[in-house]
Amino acid sequence: MEFAELIKTPRVDNVVLHRPFYPAVEGTLCLTGHHLILSSRQDNTEELWLLHSNIDAIDKRFVGPLGTIIIKCKDFRIIQLDIPGMEECLNIASSIEALSTLDSITLMYPFFYRPMFEVIEDGWHSFLPEQEFELYSSATSEWRLSYVNKEFAVCPSYPPIVIVPKAIDDEALRKVAMFRHGGRFPVLSYYHKKNGMVIMRSGQPLTGTNGRRCKEDEKLINATLRAGKRGYIIDTRPLNVAQQARAKGGGFEQEAHYPQWRRIHKSIERYHILQDSLIKLVEACNDQTHNMDRWLSKLEASNWLTHIKEILTTACLAAQCLDREGASILIHGTEGTDSTLQVTSLAQIILEPRSRTIRGFEALIEREWLQAGHPFQQRCAQSAYCNSRQKWESPVFLLFLDCVWQILRQFPCSFEFNENFLIMLFEHAYASQFGTFLGNNESERCKLKLQQKTMSLWSWVNRPSELSKFTNPLFEANNLVIWPSVAPQSLQLWEGIFLRWNRSSKYLDEAYEEMVNIIEYNKELQAKVNILRRQLAELETEDGMQESP
């Protein structure tokens, strides 16, 4: 298919662009295969380059011969185009609709994008499982790399290489995979070097109504327990939902077969409930006519902060089991690709200082989201404005980033990255020139040959010129466990995401710049103090030598 077939009118003059915080601009609108471009050809006027994949929905209005297209973006921006001529307006609208809903992944922009920057590091090879395993292998010999899933035959949503207990062979893993939802047998998520306890994750056990069991599964998860120790199974579904799953062939671990494990049920929502929550929240944030009571009731009705609280509470519980109770844990919900990953990754941010650095956090995203099989293509296909909702869209990753922001806000000096880093990841998960978030799992990415045909997001982010934008000037390495408060009073609406197009950040930006200047000035003064101290010490030494006979 040629993009030209979808572009009915490639160019229109005298189009007026209205967008947040900019004066209206008149210019030429151009449609390409992947971008909507508006150029005014005036000095000091910023052009608009909008990826079609960032468009969530469009509305059309007509007043006489003038047509208006309202473009609603996946990053929550709303842009208005006033187009002279009804026919041109209809053509542009239908072209945008066609180009923003392409079915084939290989027609998306990452397959056509060619970087204008020098590639210093190949991001596709920055966070390989072998490299991550090396970090653990120095501390323990109880785990091994397994290549049982080399051809994605055992579990289509797992990577080819996983970390499993050394005592369990690949044949046993194949049997366990048949007992777990989607073949997602328990694998290592995190090793706590302080006490050797671990977090594992998996899909639900397929016990069904007959109470089916799998001795290899029992042996696998028991292999992580120390003598006389108990472990915890954190099921991210409420008990009644887990019980209902048995009727569909799923279920949960029976106490009789897992006597050394205590099962805890938490209630983390998924799918359309989260999507509806996001839609209500964005709608409330965009309505500037609310009085205080209405705004607060709409914010509460969205339940967004309630979901944040549930996820953070479960992550804190997981971290507590590991660090304070010295117990290993297994985490799963139904598939083990959504709420499970929210909890495992947030627990690591609480426990592991490396996860709070830029590269450590990138490794976490790679390991616990991309390689772990979170279906980004499905979950991020649409955002808060799209009318034709499918059942699999859900802001699972955005909720995770919001939880990270909540912890960052409570511990502003413990993170090497800043809020802009989290916002950038949100934007690229929904629409990007890079191939990192394409596909639903490693198997799909392998078939698409993303490593050969697209550029990794990390190749761009990890260049010094970009890293400076995402570095937290307040960062001071903190090797302690950090315990966030999950009290309702401690949780706030993430204005940097949800209100950034509704109110100017000019004064916040100015305050941030002033803070950076103060920190730099403080460093300069500290350096001068150190020089003076050295000079003083040298003078005192010389005086001492002169006084000695």
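The values are calculated or read from the model by the stated rules, or taken from the named source; none is laboratory data. All of these numbers come straight from a predicted model, not from anything done at the bench. Glycine gets a Cβ as well: all are built from the backbone with ideal geometry, and neighbour counts include every protein chain shown. Areas reflect the complete protein model, heavy atoms only, side chains present, ligands, DNA and RNA absent. Shrake-Rupley method; radii C 1.70, N 1.55, O 1.52, S 1.80 Å.
Using the Cβ-Cβ distance between LEU66 and GLU121 with R0 set to 51 Å, the FRET efficiency from 1/(1 + (r/R0)^6) comes to roughly 0.55.
A Cα-only calculation for region 100-148 places Rg and Dmax at 18.1, 50 Å.
Probe radius 1.4 Å, ligands and nucleic acids ignored: give me the carbon and sulfur share of the accessible area of region 4-102 as a rounded percent.
Accessible surface attributable to carbon and sulfur in region 4-102 totals 51 percent.
What does the net charge come to around ARG226 if you take all other residues with beta carbon closer than 13 Å to its beta carbon, with K and R at +1 and D and E at -1? Net charge in that neighbourhood comes out at 0.
Entry note, region 85-172: relative contact order of 19 percent, from Cα contacts under 8 Å with a spacing of 6+ residues. Computed on region 496-549, the Cα convex hull volume stands at 56 Å³ per residue. For the Cα trace of region 4-102, dividing Rg by the Kirkwood Rh returns an Rg/Rh value of 0.92. How large is the helix-only mean residue ellipticity at 222 nm for the chain, computed as the sum of -39500 (n - 2.57) over DSSP H runs with n ≥ 4, divided by its residue count, in deg cm²/dmol to the nearest 500? Rounded to the nearest 500, it is -12000 deg cm²/dmol. Computed on protein heavy atoms with a 1.4 Å probe, the accessible areas place LYS523, LYS391 in the order LYS391, LYS523, largest first. When MET515, MET178 are compared by accessible area of protein heavy atoms, the largest-first order is MET178, MET515, using a 1.4 Å probe. Averaging the sequence gap over all C-alpha pairs within less than 8 Å and six or more residues apart, then dividing by the number of residues, gives region 4-102 a relative contact order of 28 percent.
When the charge dipole of the chain is built from unit charges on Cβ atoms (+1 for Lys and Arg, -1 for Asp and Glu) and taken about the Cα centre, the candidate among ILE58, VAL343, VAL516 whose Cα reaches farthest toward its positive end is VAL343. Short to long, the 10 Å bins of the Cα pair-distance histogram for the chain hold 3, 16, 25, 24, 16, 9, 4, 2, 1, 0, 0 percent of all pairs. Computed with a 1.4 Å probe over protein heavy atoms only, the accessible area of GLU520 comes to about 90 Å².
For region 437-454, the Karplus equation 6.51 cos²θ - 1.76 cosθ + 1.60, evaluated at θ = phi - 60°, returns couplings of 9, 6, x, 9, 6, 5, 4, 5, 5, 5, 5, 6, 6, 4, 4, 7, 9, 10 Hz by residue, with Gly and Pro reported as x. Selection among LEU480, ILE497, TYR507 by position relative to the dipole of region 474-513 gives ILE497 as farthest towards the positive end (Cβ unit charges, Cα centre).
Here the scattering of region 77-203 is modelled by Debye summation over its C-alpha atoms, one equal scatterer each and no solvent; at q = 0.19, 0.22 Å⁻¹ the log10 of I(q)/I(0) is -1.08, -1.25. Dimensions of region 307-420 from C-alpha coordinates, computed as largest minus smallest value along each principal axis and given longest first, are 46, 32, 26 Å. For region 365-467, a Kirkwood radius taken over Cα pairs fed into Stokes-Einstein (4 °C, viscosity 1.567 mPa s) yields D = 87 µm²/s. Apolar share of the accessible surface for region 129-503: 50 percent from carbon plus sulfur atoms, 1.4 Å probe.
The distance from the alpha carbon centre of region 49-93 to that of region 336-391 is 32 Å, rounded to a whole number. Expressed in nm to one decimal, what extension gain is obtained for the pair ARG262 and ALA527 from 0.36 nm per residue of sequence separation less their Cα-Cα distance? Net length gain for the segment: 90.0 nm.
Our summary gives the chain a relative contact order of 15 percent, counting only alpha carbon pairs under 8 angstrom and 6 or more residues apart. Sequence-ordered 3J(HN,Hα) estimates for region 189-205 from the Karplus curve with 6.51, -1.76 and 1.60 and θ = phi - 60° stand at 9, 7, 10, 8, 4, 4, 9, x, 7, 9, 10, 10, 9, 6, x, 5, x Hz, glycine and proline given as x. The solvent-accessible area of LYS215, taken with every protein chain present and a 1.4 Å probe, is close to 140 Å².
Each of ILE518 and GLU495 was given a label point 7 Å from its Cα along the Cα-to-Cβ line. The distance between the two points is 1.7 nm.
Neighbours of PRO165, meaning other residues whose beta-carbon lies under 13 angstrom from its beta-carbon, give a summed charge of -2 when Lys and Arg score +1 and Asp and Glu score -1.
Of the whole protein surface, TYR258 contributes about 10 Å² of accessible area at a 1.4 Å probe radius. When Rg and the Kirkwood Rh are both derived from Cα coordinates, the Rg/Rh ratio for region 153-242 amounts to 0.95. The calculated pair-distance distribution of region 159-206 uses every alpha carbon pair, bins of 10 angstrom beginning at 0, and gives 25, 54, 19, 2 percent. The label point for LYS193 and the one for LYS447, both projected 7 Å from the Cα toward the Cβ, are 3.9 nm apart. DSSP finds beta bridges in region 129-503, and of those with both partners inside it, around 50 percent are antiparallel.
Taking only the C-alpha atoms of region 251-358, the Rg (one decimal) and the largest Cα-Cα distance, Dmax (whole number), read 17.6, 58 Å. My understanding is that a pair violates if its Cα-Cα distance is over 21 Å; which of LYS248/LYS280; LYS469/LYS506; LYS150/LYS447; LYS219/LYS266; LYS166/LYS229; LYS175/LYS215 do that in this structure? The pairs that break the limit, which is 21 Å between Cα atoms, are LYS248/LYS280; LYS219/LYS266.
For ILE233, the residues whose amide H sits under 5 Å from its own are ARG262, ARG263, ILE264, LEU330, ignoring neighbours fewer than 5 places away on the same chain, with H placed 1.01 Å from N.
Placing TYR271, TYR147 in order of accessible area, with the largest value first and a 1.4 Å probe, yields TYR147, TYR271. Per residue, the accessible area of region 56-152 comes to 50 Å², computed with a 1.4 Å probe over protein heavy atoms only. About its Cα centre, the dipole of region 360-445 is roughly 300 debye, where the only charges are +1 on Lys and Arg Cβ and -1 on Asp and Glu Cβ.
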